[in-house]
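A single structure is presented below for examination.
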Amino acid sequence: MKEKIDRTFSRELFTRHPDNPILSVKDWPYAANSVFNAAAAEVDGKILLLARVEDFRGISHLTAARSNNGVDGWEIDTQPTLRPEPEHYPEELWGIEDPRITWLEELEQWAIAYTAFSEGGPLVSLATTKDFKTFQRLGPVMPPEDKDASLFPVRFGNLWAMLHRPVAKLATIESHIWLSFSPNLKHWGEHQEVIHARRGAWWDASKIGLSAPPMQTSEGWLVLYHGVRTTASGSIYRLGLVLLDLENPRKVVRRSDEWIFGPKASYEREGDVDDVVFPCGWINQNGKILMYYGAADSCICLATANLKDLIDFVLKYPGNSSH
């Protein structure tokens, strides 16, 4: 029996696919504890998900799954596609997690920003590939603690840009989304906060982070982000929208006050980590958005929306609102 969500009550802009979860460990060709937080891309006429797979040690790696329609008929690599290699990259000692994929047309290759879990904490690493079979690691590009990173697909001037989320060591300091620039994808600077966590009772108080990579639209760069609210029974992860200026991503054009998607279904509310919806990838198919998200750190799900609805929603909020 498929689970139904009352959209008139939830007011969510995304519609869950009736076959959710679309991927879980029961579909995997080898033993694993959980499968979640997958990056997404259209590659060679198929939808490719690069999933985070956690083994029974608690250490994660990345594995590719391919489908003609992005819903079923998945062809999953029979072995991990990208494993941690701590003997060569010590920052990957405790695994690699939560990838985001960006096509860099100028370089004619895909860039993968992922979290490497080092002894010093999680940090941002980059790798490139042309076929999702062989990879060139660029290594760590941000020190710990930092995660939730993605590149923009184009340069601004002569610089690449990346959104990411450093975490302050002091528990009383909020965690915000930052923007950094690089001439070569390796050395990064001009660091600045661009989207701020709100305070108090807000759904995105205290901690926010990038979800799927920024999407280029006629109105600006559409950014899907997650906000975390801490409650008496734990944290709740929900999603919101931001528009950044097309020419200058330092500038916030619009930001939604309300969340647009949150844990409602049982597979989102109960799992290894309860009450989590966590997208790492979305795809624009002629105005229809396919959003792939991890649910409760336990499976991969799909929800869809109309791009126009997302743009119209975020444009109704006042301009220049980063707080």
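Every number here is computed from the coordinates shown, using simple stated rules; none is lab data. Because the structure is a prediction, the values reported are computed rather than measured. Virtual Cβ from ideal backbone geometry, glycine too; neighbours counted across all protein chains shown.
Express in nm, to one decimal, how much length is gained between Arg57 and Leu107 on full extension, taking 0.36 nm for each residue of separation and deducting their alpha carbon distance. Please list the in-between numbers first.
Numbers: separation 50, 0.36 × 50 = 18.00 nm, distance 3.67 nm.
Stretched fully, the Arg57-Leu107 segment lengthens by 14.3 nm.
Amide H of Glu270: which non-local residues (sequence gap of 5 or more, or other chain) have their own amide H closer than 5 Å, using H built in the peptide plane?
Placed amide hydrogens put Asp275 under 5 Å from Glu270.
Moving on. Report the one residue of Ala265, Leu138, Ala201 whose Cα lies farthest in the direction of the positive end of the charge dipole of the chain (charges on C-beta: Lys and Arg +1, Asp and Glu -1; origin at the Cα centre).
The one lying farthest along the dipole's positive direction is Ala201.
Taking a ≥ b ≥ c as the square roots of the Cα gyration tensor eigenvalues, with a/c under 1.5 meaning rounded and otherwise prolate when a/b beats b/c, else oblate, which class fits segment 255-316? Don't jump to the answer; show the numbers that get you there.
Details: a/c = 2.98, a/b = 1.63, b/c = 1.83.
Judged from the Cα gyration tensor, segment 255-316 comes out oblate (a/c at least 1.5, b/c at or above a/b).
Would you mind ranking Thr129, Thr217, Thr115, Thr230 so that the residue whose beta carbon has the fewest other beta carbons within 10 Å leads the list? It would help to have the intermediate numbers written out before the result.
Numbers: Thr129 18, Thr217 15, Thr115 28, Thr230 11.
Going from least to most buried by this count: Thr230, Thr217, Thr129, Thr115.
Given the Cα-Cα distance of Lys308 and Leu159 and 0.36 nm per residue of separation, how much length would full extension add, in nm? Write down the numbers at each step before the final one.
Working: separation 149, 0.36 × 149 = 53.64 nm, distance 2.96 nm.
Computed gain between Lys308 and Leu159 is 50.7 nm.
Output the relative contact order of segment 1-125, whole-number percent, from Cα pairs under 8 angstrom with separation of 6+ residues. Numbers along the way, then the final one.
On the way: 232 pairs, mean separation 21.0, N = 125.
For segment 1-125, the relative contact order is 17 percent.
What does the charge add up to near Arg199, with Lys and Arg as +1, Asp and Glu as -1, over the other residues with Cβ less than 13 Å from its Cβ? Present the calculation step by step, with values, prior to reporting the outcome.
Working: positive: Arg198, Lys207, Arg229; negative: Glu174, Asp204.
Charge balance near Arg199 sits at +1.
Using amide H atoms built in the peptide plane, which far-off residues or other-chain residues are under 5 Å from Gly139 H to H?
Amide H neighbours of Gly139, under 5 Å, 5+ apart: Leu126.
Would you mind calculating the relative contact order of the chain from Cα pairs under 8 angstrom and at least 6 residues apart, reporting the percent as a whole number?
On the way: 885 pairs, mean separation 52.0, N = 323.
Contact order relative to length: 16 percent.
If you average the C-alpha positions of segment 187-202 and of segment 61-138 separately, how far apart do those two centres end up, in angstrom?
25
Quick one: Trp94, Trp221, fewest Cβ neighbours within 10 Å first, how do they rank?
Trp94, Trp221
With each pseudo-label sitting 7 Å past Cα toward Cβ, what's the Leu315-Glu75 distance in nm, one decimal?
4.0
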